[in-house]
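Data first, discussion second: the structure below is written as structure tokens.
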Amino acid sequence: MRVSKVSMLAGFMIAFTLIFELAAHADEANQMTKFTFSQPVQVPGRVLAAGTYEFQLVNTGSSLNVVQILNATGTEVLATYDTIPTERTGYNDPIAVTVAEPTDGQPAAIVSWFYPGMETGHQFLYSKQVQRELAQDTKATLVGEHGVMVNSDANGVGN
């Protein structure tokens, strides 16, 4: 039986639920956001197991494009990444994450992350080979509303 990309994405979206817990706006400088993944996800060079993680900016003094991924309690740095700024169209208020679903059975890859109220987000940098592969994969933009991740083409989400 042949499964279309749309069917695969729909099934993936059902299985891949993200729940956001946004810290108080006092953390706006570092954009700290908690993500709970129900399925493993990829970031450059690593697969994060299902679970809760904190994403935040690191103030290096020279760049606002360094993202750290920490454990659920924020006590252990798991990874640090250079990112590049990326702009989003529409949805400038909620948290948003763009993921690519590889067709080779690998976990979904986080492509970019946007903090609420920010039009500029953070695009993760993958190797050139992985970037070429991700460019061909089905992508979805997941938007956090009231603490729950939703994906609705009716609302213009999911590109």
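Bear in mind these aren't lab numbers, they're just calculated from the coordinates by the rules spelled out. None of the values given here were measured: they were computed from a predicted structure. In this analysis, Cβ positions are derived from the backbone assuming ideal geometry, glycine residues included, and neighbour counts consider all displayed protein chains.
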What spacing in nm lies between the two simple spin-label points modelled at Val58 and Glu28, each 7 Å away from Cα in the Cβ direction? 2.5
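Going by C-beta contacts inside 10 Å, put Lys128, Lys139 in order with the fewest on the left. Don't skip to the end; give the middle numbers.
Details: Lys128 8, Lys139 17.
If I rank by nearby Cβ atoms, fewest first, I get Lys128, Lys139.
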Let me know the Kirkwood hydrodynamic radius for the stretch 70-133, please, with Cα pairs as the basis and the value in Å to one decimal. 13.3
Please arrange Met32, Met118 by how many other C-beta atoms lie within 10 Å of their C-beta, fewest to most. Met118, Met32
The local net charge around Asn71, scoring Lys/Arg +1 and Asp/Glu -1 for residues other than Asn71 whose Cβ lies under 12 Å from its Cβ, equals -1
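With 10 angstrom as the radius, rank Val111, Val58, Val99 by how many other C-beta atoms surround their C-beta, starting from the fewest. Provide the component values of the computation, followed by the final result.
Working: Val111 23, Val58 15, Val99 27.
Fewest to most other Cβ atoms nearby, the residues stand as Val58, Val111, Val99.
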